[in-house]
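Here's the structure we're looking at; comments come further down.
The values are calculated or read from the model by the stated rules, or taken from the named source; none is laboratory data. From a predicted model like this one, the values you see are computed outputs, not experimental measurements. Neighbour counts run over all protein chains shown; Cβ positions are idealised from the backbone, glycine included. These accessible areas exclude ligands, DNA and RNA; they are computed on the full protein's heavy atoms, side chains included. Shrake-Rupley method; radii C 1.70, N 1.55, O 1.52, S 1.80 Å.
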Amino acid sequence: MSFYSSSQVKTLYVDPKSFIDGSRAVFELEGHHLAYLPNMRLLNVGVFGTAAPYNDLIGPNAIIERVTLYDGKTKLSESQKYGLYRGFVLHNQRNSAAQSVAAQRNLNKIGFQRDTTSYKLQYDLVAIDSNTARDTTNGANVELRQVLPMLNAVSHLPSDLFPNLRLEVVFNTSAASSVYNTDTNAINGQQIPLLAVDILDDKSVVDKMNKGLAKGINWLEVEHDQVLMPVTEAAGGAGDQALEQSKSFKLDGFRNKRVERLLMIKEMSDITKYIDTNVVQGFGRYSSIAFFQGKYQYRMNGKNILPDEGIVGDAERLAYMVDTYGDSFAYPGSNSNDIASADVVVDTSGDGNKISGQLDYTGVYLGDHVKDLQIEIKRTGLHDGRAFKAETSAVNLHFFGEVAKGLVLNKKGGYMIAYL
């Protein structure tokens, strides 16, 4: 809108109303401004204590566990399992944008370019690390519209309709958050976050914009459900070699809701397996690990969503994901358990094999109201000396579904939020 470039818009930097280092921050937006614009930004997301690189995939975003936007007691929009979903969002873009824009805002190391000497793909920009003191350390900036879908659906948030806006952010700065690439690096505290918001106090402009809200607001909230893929029969022993494990799961979290796209992210149940001698392996716990010879079939309301056996093969799985969600900066071996990447890719540790099979996302389109949703997953076991065994270990299967929600105004000047 044209008012973004005019003097009608002013930017406020809001300090947290309450802040507990390493635990929680609450921002309250005062109701005496006529309207807040939805392009909210969370600033100063970072820690201090050691001058060291942040997590390669999501940077200091790793300290965030959940982000929620409220109006009083009403939950407007929320991002659950923030780190896992943030990893996908940062992966879900073109390579050039990932490296030149997202990596600078998130202080991570995503996107690759070809090295002129080895001709391998590698992240080749100067790293932006943390530091030893709060006032000198570096932090990330989070565009909240990327993680709170409601903000993409509204032109503005008028204070007459939303008089008690509040943003709550839950943090975790323990070593288990893997915010650093080495879990022995000291974390003495975090930056004090700021919320940047743009405001409109021109009544004539706000009144015109309010007319657009009369028809209501519809958006796709990203909701979460998860199940556990159990450890294989021989727990990675000799008996698992070439043995196919098949499991069916029922996803009750999306029942009686209209779901558009559905994303699956696979996380090792034992997160300590992402660490080897105190060093985070590749992208660590915020990645999505690949099964060996994985097969996936979705069944909704009594019918298979996918033809034949479903999604079979690494290339087919990547094609479905890109067809469903769009661009990704996939590199050779990014979604494959059985491809050695070291010959074509170099990660920040110097070993491309550490990021093989760590960006294996599965996306499908449902596009209907869910009465019953099931997924059948198959994987084939391998027996070898590796400690990190995605093909035989217990794995948390996280599902992020786009659920249709709507906000409808009532005659009393209030509103109601409902599933559509």
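Inspect all residues belonging to region 355-363 and state whether any of them is open to solvent by less than 10 Å² (accessible area, probe 1.4 Å), outside any strand (DSSP E or B), on the phi < 0 side of the Ramachandran plot and at pLDDT 95 or above. There is at least one residue in region 355-363 that is open to solvent by less than 10 Å² (accessible area, probe 1.4 Å), outside any strand (DSSP E or B), on the phi < 0 side of the Ramachandran plot and at pLDDT 95 or above.
Would you please name the residue that is nearest to Gly189 (Cα to Cα), looking only at residues in region 8-32 that are touching an Asp or Glu at 6+ places or on another chain (Cβ under 6 Å) and open to solvent by 30 Å² or more (accessible area, probe 1.4 Å)? Give the derivation first.
Keep residues of region 8-32 that are touching an Asp or Glu at 6+ places or on another chain (Cβ under 6 Å), which gives 8-9, 11, 17, 26.
Going one step further and asking which of them are open to solvent by 30 Å² or more (accessible area, probe 1.4 Å), we end up with 8, 11, 17.
Working: Gln8: 38, Thr11: 28, Lys17: 18 Å.
Of everything passing the filter in region 8-32, Lys17 is nearest to Gly189 (Cα to Cα).
Do you know which residues across region 302-322 are open to solvent by 60 Å² or more (accessible area, probe 1.4 Å) and touching a residue at least 40 places away in the same chain (Cβ under 8 Å)?
Start the filter on region 302-322 by keeping residues that are open to solvent by 60 Å² or more (accessible area, probe 1.4 Å), which leaves 303-304, 307-309, 315-316, 320.
Answer for region 302-322, where residues must be open to solvent by 60 Å² or more (accessible area, probe 1.4 Å) and touching a residue at least 40 places away in the same chain (Cβ under 8 Å): just Tyr320.
Only a single item in (1) closer than 25 Å to Asp252 by Cα; (2) without any contact (Cβ under 8 Å) to a residue 40 or more places away in the chain; (3) among the β-branched types (Val, Ile, Thr) is not met by Ile339, and it is number (1). Scanning region 236-277 for residues that are on the phi > 0 side of the Ramachandran plot, open to solvent by 70 Å² or more (accessible area, probe 1.4 Å) and touching a residue at least 12 places away in the same chain (Cβ under 8 Å) yields Ala242, Asn256.
Matching residues to (1) at pLDDT 95 or above; (2) of a type in the set (Phe, Trp, Tyr):
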site	(1), (2)
Ser6	no, no
Tyr13	yes, yes
Arg24	yes, no
Gly46	yes, no
Ala62	yes, no
Arg66	yes, no
Leu69	yes, no
Leu76	yes, no
Lys81	yes, no
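Checked against (1) under 18 Å from the mean Cα position of the chain (by Cα); (2) surrounded by fewer than 16 Cβ atoms within 10 Å (Cβ to Cβ), Tyr119 meets all criteria but (1).
With respect to Val101, determine if the residue is in contact with a helix residue (DSSP H, G or I) (Cβ under 9 Å, 6 or more places away or on another chain), modelled with pLDDT under 95, under 20 Å from Ser328 (Cβ atoms) and among the β-branched types (Val, Ile, Thr). Here the answer is no, as Val101 does not meet what is asked.
Restricting region 56-112 to residues that are under 9 Å from the mean Cα position of the chain (by Cα) and β-branched (Val, Ile, Thr), the residue that is surrounded by the most Cβ atoms within 10 Å (Cβ to Cβ) is Ile58. Scanning region 175-219 for residues that are open to solvent by less than 50 Å² (accessible area, probe 1.4 Å), part of a loop (DSSP other than H, G, I, E, B) and within 30 Å of Lys273 (Cα to Cα) gives Ser178, Val179, Asn181, Asn185, Ala186, Ile187, Gln191. For region 376-420, the set of residues classified as aromatic (Phe, Trp, Tyr), open to solvent by less than 50 Å² (accessible area, probe 1.4 Å) and under 18 Å from Asn335 (Cβ atoms) consists of Phe399, Phe400, listed by residue number. Filtering region 129-157 to residues that are farther than 14 Å from Glu78 by Cβ, open to solvent by less than 20 Å² (accessible area, probe 1.4 Å) and either β-branched (Val, Ile, Thr) or part of a helix (DSSP H, G or I) (or both) leaves Thr137, Val142, Val154. Taking region 34-55 as the range and being farther than 19 Å from Leu148 by Cβ, open to solvent by less than 10 Å² (accessible area, probe 1.4 Å) and of a type outside the set (Val, Ile, Thr) as the test, the residues that pass are Gly46, Ala52, Tyr54, Asn55. Give just the number: which of (1) assigned to a strand (DSSP E or B); (2) within 28 Å of Thr277 (Cα to Cα); (3) open to solvent by 10 Å² or more (accessible area, probe 1.4 Å) does Asn337 not satisfy? Only one criterion in (1) assigned to a strand (DSSP E or B); (2) within 28 Å of Thr277 (Cα to Cα); (3) open to solvent by 10 Å² or more (accessible area, probe 1.4 Å) is unmet by Asn337, namely (1).
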